[in-house]
């Protein structure tokens with residue numbers, strides 16, 4: 001379908017009330033209610049034990065930050081920052097995240113969150129994210145995954161991106177999934193969004209297809225030169241362009257694997273276990289398994305059992321290997337090792353050791 005994003009991006013603020021979601025700049029209730037007024041911490045650096053210290057440092061220490069972290073933050077904070085300004089922000093973060101450790105991780109990754117406006121940026125962004133994701137735990141996961149989402153321009157990034165995706169036909173559940181799993185996507189420019197969506201469409205993905213979110217994420221993360229470079233790696237291992245397109249539609253994240261991961265996985269599966277490149281294209285998720293911890297030991301056991309005739313006389317197929325690669329070690333051991341210890345126990349112990357149950 002044709003895209004026309006400029007209207008949405010120039011007038012994003014007009015679409016906030018048209019999103020069909022429960023966003024409001026105020027009044028949104030939450031199971032984790034918070035208040036930006038009223039401070040439980042003591043003022044002017046006076047601690048309950050009677051000792052006096054730097055107020056800002058003392059506040060951060062009480063939230064669990066180390067001296068090294070406090071020293072690092074002090075370089076980012078303006079000299080005029082005070083406890084009265086920091087304390088409500090820390091309480092706010094603590095109220096929407098799951099623990100003090102989460103607050104520490106979020107602030108450590110993105111110290112600027114403590115210099116952003118609570119009333120004009122952090123709270124409105126939180127309420128908007130909550131209106132999309134709805135559940136408190138999903139909001140927390142989203143923020144922990146990419147803390148900078150709290151600092152994005154609301155109408156210029158968050159609301160505009162949601163409006164644009166809706167105009168393209170993405171259902172609410174897909175937009176929520178994208179925000180939960182890849183919040184950094186909401187910082188993309190309108191031109192990058194449009195370019196990625198057009199490319200996603202060329203692969204035959206429809207907005208209503210849940211896999212479209214995965215394809216959109218994969219395409220957006222890779223620039224054109226890296227895309228071509230990865231494509232050449234798959235071609236080197238024998239994939240035709242049609243096989244690549246088929247594999248990408250089944251598992252778009254094949255383009256997010258490193259070249260080393262692709263090469264080692266293909267080498268083991270094709271050269272050691274005799275699978276074809278077409279086999280891999282039919283089951284592309286096979287190369288996501290660890291070749292050292294899963295592919296080599298499990299496929300070696302299956303191949304040895306087949307050579308002993310205990311798995312029948314039909315040639316091993318990629319589906320047989322996939323059945324062996326799925327699931328936990330305990331299930332694999334029960335099915336392939338415990339039943340035939342005289343054939344494969346020594347090999348399995350050599351390759352996995354403690355994995356034997």
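You will find that of 307, 290, the residue that is over 27 Å from the mean Cα position of the chain (by Cα) and surrounded by fewer than 19 Cβ atoms within 10 Å (Cβ to Cβ) is 307 and no other. Look at (1) in contact with a helix residue (DSSP H, G or I) (Cβ under 7 Å, 6 or more places away or on another chain); (2) without any contact (Cβ under 8 Å) to a residue 24 or more places away in the chain and you find that residue 153 fails only one, number (1).
Does any residue of the range 276-285 turn out to be under 24 Å from the mean Cα position of the chain (by Cα), surrounded by 16 or more Cβ atoms within 10 Å (Cβ to Cβ) and under 26 Å from residue 209 (Cβ atoms)?
Looking through the range 276-285, at least one residue is under 24 Å from the mean Cα position of the chain (by Cα), surrounded by 16 or more Cβ atoms within 10 Å (Cβ to Cβ) and under 26 Å from residue 209 (Cβ atoms).
Helices (runs of 4 or more DSSP H) wholly in the range 190-307 with at least 1 residues that are under 30 Å from residue 160 (Cβ atoms) - which ones?
Hits in the range 190-307: 190-202, 211-221, 224-236, 241-250.
Here's the yes/no breakdown for (1) at pLDDT below 90; (2) within 21 Å of residue 57 (Cα to Cα); (3) in contact with a strand residue (DSSP E or B) (Cβ under 7 Å, 6 or more places away or on another chain); (4) crowded, with 20+ Cβ neighbours inside 10 Å:
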{"residue": "93", "(1), (2), (3), (4)": "no, yes, no, yes"}
{"residue": "99", "(1), (2), (3), (4)": "yes, yes, no, no"}
{"residue": "103", "(1), (2), (3), (4)": "no, yes, no, yes"}
{"residue": "111", "(1), (2), (3), (4)": "yes, yes, no, no"}
{"residue": "120", "(1), (2), (3), (4)": "no, no, no, no"}
{"residue": "130", "(1), (2), (3), (4)": "no, no, no, yes"}
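Of all the residues in the range 151-175, those that are under 23 Å from residue 248 (Cα atoms) and under 21 Å from the mean Cα position of the chain (by Cα) number 6.
Pairs are defined by a Cβ separation below 7 Å, a sequence spacing of at least 6 or placement on different chains, a first member in the range 186-213 that is surrounded by fewer than 16 Cβ atoms within 10 Å (Cβ to Cβ), and a second member that is modelled with pLDDT under 90; the pairs so defined are 198/3. Say whether the condition of being more than 19 Å from residue 96 (Cα to Cα), in the same structural domain as residue 98 (by TED's automatic domain parsing) and not in a helix (DSSP H, G or I) is met by at least one residue in the range 145-166. Yes - at least one qualifying residue is present in the range 145-166. Of the numbered criteria (1) farther than 23 Å from residue 202 by Cα; (2) within 30 Å of the chain's Cα centre (by Cα); (3) loosely packed, with under 14 Cβ neighbours inside 10 Å, the one residue 240 fails is (1).
The values are calculated or read from the model by the stated rules, or taken from the named source; none is laboratory data. Fair warning: this is a prediction, and the values are worked out from it, not measured in the lab. Reconstructed Cβ throughout: ideal geometry from the backbone, glycine too, with neighbour counts over all protein chains shown.
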